[in-house]
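Bear in mind that the values in this text are calculations on the coordinates, not laboratory data. If you're wondering where the values come from, they're calculated on a predicted model, not measured in any experiment. As a convention, Cβ positions derive from the backbone with ideal geometry for all residues, glycine included, and neighbour counts pool all protein chains shown.
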């Protein structure tokens, strides 16, 4: 796990000092070493920088940028099956000097070109420069566990693991994309492949691109990524005909293989154990055949009622792990908030980043690698919104169109504030607006958008002070063919919420403290198999994640597992009304909002007043605005 950064400058004006600055701002991603290469090609200057967190092959020879023949590699991530691929390459005549996956990537690329990606099991973002052909290859893993940002303008191409590198280049233009601002306000993040800055993008998961630097004069005007893997290929495949018991056996085999691969390391490894089914599944399958005890970690913030430690402790005791409970105070959690904009680069509104960062900090004191259990909900149908769709989607569609539209017309003429009793119920006003939306259009796509967006499209027109266009994202995908509502939601989540919220959160939270986070559920073989399972193997009679639950019950008693899902819930409403109220007044004030020009102050003022006068369900909306404002101020402090 590392940080990569670099440039291609067709004007040859970029210096080694700039490259060092772009790379060293990522020190937290790789505190164990750094190196920098500047290569003069006939028509461009190329800079490659690398910060190293030593995980596999701790020798000095494994440092990067790594050279082999005419190839130079900058790589962030892990290829877990590198030993198997090395054996295949040796049979083809290759020889190796190191025990690193990095060296294998160079040989694999030499042998198979971009087709080498099909062989990799892992998480990765990397670039390879061929100094002979002057071709530049960039790739990102199938699910998007590892980030890859790039910027292209006026003959300058920049790339990095994090956007903060770009601020170190004097030619990076920090023009904010108002369309991306609007998207952030709806989703709490900027959806891939878009970025908060103009001319900057994220490389989409499962994509690569090639740049030809050999022509004169050469100025890349456009980059067209190529998709080498697509989750829809598996959701569109025929469903497997396995009976449930056989499917459960096969699922466990694939999970076991995936989980074991994530234990490959030359440094200590631990597991985040929350007490829920996904982390219990990872821990149970890894511990069952081991004599040595796994190191497991659980965080609790008892001051705010966030404390899964007792449940995790019982599971750890039952499985026999070496367990560590990490308790933090509410003050420790709140004190972290001002630093979030630095580590997240783009505005980011998932408040669970706070406990995720705290547990990463504590775990780093004992291990260098930590396994998380993200992805289980998307793959095996664990979210409450799937339950909502299965319970109410058909019912909404069964209402005749004229009746639904008549109801919408009545609701539009009656404000939620005028409805007795209900107007005082928590979250009633949000639900009222969303109900109008799904009654008007109860399609799978519209229900999914309604459940995913914080502000409706109509609300955004009033909220934004500038004209904006709706960005094209994976939320709008039409690639599912004859799929079910459940598979539609799962596929959308796999390409949106998982990538732009969950994985971005875990990558920044772990890397903030130089901890490698690994995602055992995100082995592509798992989703390729699970996507072809019948829906009822995942969601059955109101039971979510059915097949995972039944696997876990083989190792942990059901009565120990069955409890309401807690998650990393943060009392945002409480904080905003008390400890963070001064912060709200400082950042969300008339002068700043009007000066910045993105948002309509009158709308925000009403939102604030309603929130402080009792509509606590507006806490998330206020939080979204606060996180954007804090991020925006941080940008003003970045070098230009």
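See the values below:
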read-out	value
Whole-number Å³ per residue for the convex hull built on Cα positions in region 425-581	225 Å³
Stokes-Einstein D in µm²/s, Kirkwood radius over Cα pairs - region 267-396 at 20 °C with 1.002 mPa s viscosity	131 µm²/s
Euclidean distance of C-alpha centroids, region 459-501 and region 125-191, integer Å	21 Å
Sites residue 601 and residue 581 - FRET efficiency at Förster radius 22 Å, r taken between beta-carbons, to 0.05	0.75
Two-site FRET efficiency, residue 633 against residue 233, from Cβ-Cβ distance with R₀ of 51 Å, rounded to 0.05	0.70
Kirkwood Rh, angstrom, region 323-388 [1 / mean 1/r, Cα pairs]	14.3 Å
Label-zone membership for region 475-494, site residue 446, 7 angstrom Cα→C-beta point, backbone N under 16 Å	476
Radius of gyration, Dmax [region 76-209; alpha carbons; angstrom]	17.2, 54
CD proxy at 222 nm, helix term only [per DSSP H run n ≥ 4: -39500 (n - 2.57); per residue of the chain; nearest 500]	-11500 deg cm²/dmol
Three principal axis lengths of the chain [C-alpha, angstrom, descending]	76, 59, 49
Whole-angstrom gap from region 370-399 to region 199-217, using each part's C-alpha centre	35 Å
Pair residue 613, residue 115: separation of 7 Å Cα→Cβ label points (nm)	6.8 nm
Cα-derived Rg to Rh of region 571-640, Kirkwood definition	0.98
Relative contact order (percent, whole number), region 142-263, Cα cutoff 8 Å, 6+ residue spacing	22 percent
In nm, spacing of pseudo-spin labels at residue 525 and residue 250 (7 Å Cα→C-beta vector)	1.4 nm
Rg over Rh, two decimals, region 2-227 (C-alpha only, Kirkwood Rh)	0.95
Spatial separation of Cα centroids for region 1-41 and region 220-251, in angstrom	36 Å
Calculated FRET efficiency for the pair residue 131/residue 220, C-beta based, R₀ 22 Å, to 0.05	0.80
Nitroxide proxy distance, nm - points 7 Å out along Cα→Cβ at residue 385 and residue 16	5.0 nm
Extension gain from residue 466 to residue 478, taking 0.36 nm per residue of separation minus the Cα-Cα distance	1.4 nm
Fraction in percent of alpha-carbon pairs per bin - 5 Å, region 212-292	3, 9, 12, 14, 13, 11, 10, 8, 6, 6, 5, 2, 0
Listed peptides 105-112, 481-488, 323-330 by packing density, highest first (mean Cβ within 10 Å)	105-112, 323-330, 481-488
